[in-house]
Amino acid sequence: MSERQHLHTLNYALALGLTSSIAIITLGIGSMVFNWGEGIVVLIAQCYIGYEPSIKGSLIGACWAFVDGFIAGFFISWIYNRFLKLTNS
């Protein structure tokens with residue numbers, strides 16, 4: 001059986017943080033310009049203080065999303081690597 005490779009924790013965390021930020025910016029600007037996903041923006045704004053369908057609100061939300069995505073990505077890859085060590089030994 002081939003040995004699985006581990007995830008680079010920092011790179012995975014950065015990738016998930018950036019992906020989350022881009023998604024929140026897209027949702028915020030899309031809601032501002034095209035009125036897409038207004039209900040979702042209101043729901044997310046309950047967790048991300050300052051997030052609203054505007055340029056400024058989208059950037060604030062992107063900062064929150066980056067932090068959330070970074071932390072989640074760090075722990076997901078860390079846990080994955082720990083389980084990988086258990087299965088490879």
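Quick note: the coordinates plus some simple rules give every number you see, no bench work behind them. All values reported here derive from a predicted model rather than from experimental measurement. Glycine also receives a Cβ, built like all others from the backbone with ideal geometry; neighbour counts cover every protein chain displayed.
Ile76 sits among other residues whose Cβ lies under 13 Å from its own Cβ, and their net charge, with Lys and Arg +1 and Asp and Glu -1, is 0.
Remark: spin-label model distance Leu86-Glu38 equals 4.7 nm, labels positioned 7 Å along the Cα→Cβ axis.
As a size descriptor, the averaged projected area of the C-alpha convex hull of the stretch 39-86 was calculated at 3.7 nm². Each of His8 and Cys63 was given a label point 7 Å from its Cα along the Cα-to-Cβ line. The distance between the two points is 2.8 nm.
Taken about its Cα centre, the chain carries a charge dipole of about 300 debye when Lys and Arg each add +1 at the Cβ and Asp and Glu each add -1 at the Cβ. Fewest neighbouring Cβ atoms within 10 Å first, the residues Phe66, Phe34 line up as Phe34, Phe66. The long axis of helix 9-34 is offset from the longest Cα principal axis of the chain by roughly 20 degrees.
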